[in-house]
Every structure is written in structure tokens, then in C-alpha cells.
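In what follows, a structure is listed as C-alpha cells, so that the remarks can point back to it.
The values are calculated or read from the model by the stated rules, or taken from the named source; none is laboratory data. Since this is a predicted model, take the numbers as computed values, not measurements. Positions of Cβ are backbone-derived with ideal geometry, glycine not excepted, and every protein chain shown enters the neighbour counts.
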Amino acid sequence: MSISSDDNNIRLWNAINWECILNIPNINKEGKIYSGCFLNDDNKNYIITSNFNWQKKKNEKIKIYDFEGNLTKTINNSDIGTFFIDSYYDDILSKNYIITSNINCIRAYDYSKNEVYHNYQEEKNNSNHFDLVINKNKNTIKLIESSKDGDIRIWNFHSGKLLYKIVLNKFLFGLSLLNDNYLFIGGDKKIYLLELKNGLIVKTLNGHNLFVCGIKKIIHPKYGECLISQNSWESQIKLWLIDKN
């Protein structure tokens with residue numbers, strides 16, 4: 001999937017030959033689409049979209065498209081400015097959720113019920129929340145999020161309770177788990193490796209020229225476990241080799 005935020009366009013590509021197999025133009029009438037994701041429900045694949053209207057502060061709802069480009073559903077009470085959107089399937093409950101990081105909170109939606117599941121927000125905190133990851137460790141599902149106020153917050157996904165937070169006093173953007181114990185965090189021109197247990201930054205990666213908004217751990221066919229990253233606006237995508245030592 002590729003996303004063009006300015007003209008609200010999503011395209012699907014065949015990754016074998018790079019043929020464009022679907023083009024969905026003008027997803028939102030106004031504002032921009034900063035993020036999209038896939039969702040599989042009842043063995044059918046869908047595209048989840050978002051909206052952020054900086055000028056009018058009035059945002060359109062989350063829209064669901066099938067792989068034919070048909071609008072199949074909109075999510076109730078989802079008209080909130082969204083930076084990042086993702087889907088999560090709880091294999092114990094056999095339920096799909098949509099999770100968004102937004103202008104003043106993290107929010108989860110129950111996909112089948114088409115309703116808000118939880119708002120994850122500390123009292124009196126109206127900071128922008130930029131990214132999130134889900135960490136299922138044993139029987140606890142944790143939602144980890146980054147914020148403009150410089151805090152990493154860890155929530156119990158199903159109860160909505162704030163478990164703890166790590167105060168870093170840095171501008172924080174993209175997130176990606178290395179494993180259950182370590183978290184990559186995108187900052188201002190840097191990527192930090194955070195040890196979650198003690199809240200300490202154990203390594204800093206330099207090489208970007210603006211805020212690092214996108215981070216993802218991948219398995220490369222030649223190099224093995226790697227990190228892929230990109231900063232905001234026009235920039236190169238960088239591939240980092242992960243030294244397991």
C-alpha cells in the first residue's frame with residue numbers, strides 16, 4: 001500500500017512486479033490522509049483509512065474499503081484528527097480492533113460493534129500522540145504510545161488503565177519494538193533504543209535530518225533482522241542492520 005496524503009489517494013501494488021492493482025482517489029473531501037492499514041475480517045481483506053484536517057479542525061470518519069475499491073463501512077465517532085492508524089486482532093477473543101493515535105489521545109474501536117472501545121488519555125493531557133505499538137507478553141496486552149510531551153506511556157489495552165510511563169523529555173514520533181524488552185523510538189534527527197524495564201536509553205542512532213516519523217523492524221532476505229526508518233517531509237528511507245550482540 002502507498003499513500004499520497006495531499007491528494008487523499010491510496011494505491012495497492014503487486015510487490016512481485018510493481019503493477020498497480022488498485023487506485024482509490026479522493027478518499028477524503030478535505031484534509032489529509034497520513035496513515036492507512038490493512039484489516040482481515042472473516043477471511044476478507046480491507047483497507048482502513050484516516051483523516052486529519054489541520055485548517056478546519058473538522059475531520060472525516062474512518063472509512064473501510066474492500067480490495068475492489070468499494071466503500072463498505074465507516075466507523076462511528078471516529079471524526080478525530082489522526083496521525084497513525086493500525087489494526088489489531090485479539091486471537092483469544094477472536095475480535096478485530098482499529099487503533100489510532102490522534103491530536104489529543106489514543107483511541108481503540110471495536111470493529112464488529114462499530115463503536116469506541118477505549119480512549120487512552122491521562123487527565124489534563126492534550127498533547128499530540130503520534131505512534132503506537134501493541135506488545136502481547138504472556139496474557140497481558142500492552143499498548144505503548146509516543147507523545148509530543150516527551151513521555152512513553154504503557155497502557156493495558158483491554159482495561160484502558162495506564163500501567164506506567166517513561167519520561168524522556170524528548171520530542172517523540174515513530175515506534176517499533178525490537179523485542180519484549182527494547183523499543184526503538186524516533187526523535188529529532190535521531191533514533192533511540194529504550195530499555196523498557198528501567199526506562200534508560202541504551203543506544204542512539206544518528207543519520208536523519210528531521211523528525212523520524214516512521215520506524216519498522218523487518219526481516220530482510222539477505223541481512224536478516226533490520227530496522228527501516230524515514231523522517232518527515234522529503235527524505236530517504238534508511239535500512240539499519242541490527243547487531244544481535
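The table for this structure:
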read-out: All positions within segment 9-52 that are in a loop (DSSP other than H, G, I, E, B), more than 22 Å from Phe173 (Cβ to Cβ) and either in contact (Cβ under 8 Å) with a residue 12 or more places away in the chain or among the charged types (D, E, K, R) (or both); value: Glu19, Pro25, Asn26, Ile27, Asn28, Lys29, Glu30, Asp42
read-out: Within segment 143-164, tally of residues that are of a type in the set (Lys, Arg) and either crowded, with 17+ Cβ neighbours inside 10 Å or in contact (Cβ under 8 Å) with a residue 40 or more places away in the chain (or both); value: 1
read-out: Condition met for Asp91 (within 13 Å of the chain's Cα centre (by Cα) and either more than 25 Å from Ile166 (Cα to Cα) or at pLDDT 95 or above (or both)); value: no
read-out: Within segment 218-236, considering residues that are assigned to a loop (DSSP other than H, G, I, E, B) and within 23 Å of Leu172 (Cβ to Cβ), the one modelled with the highest pLDDT; value: Ser232
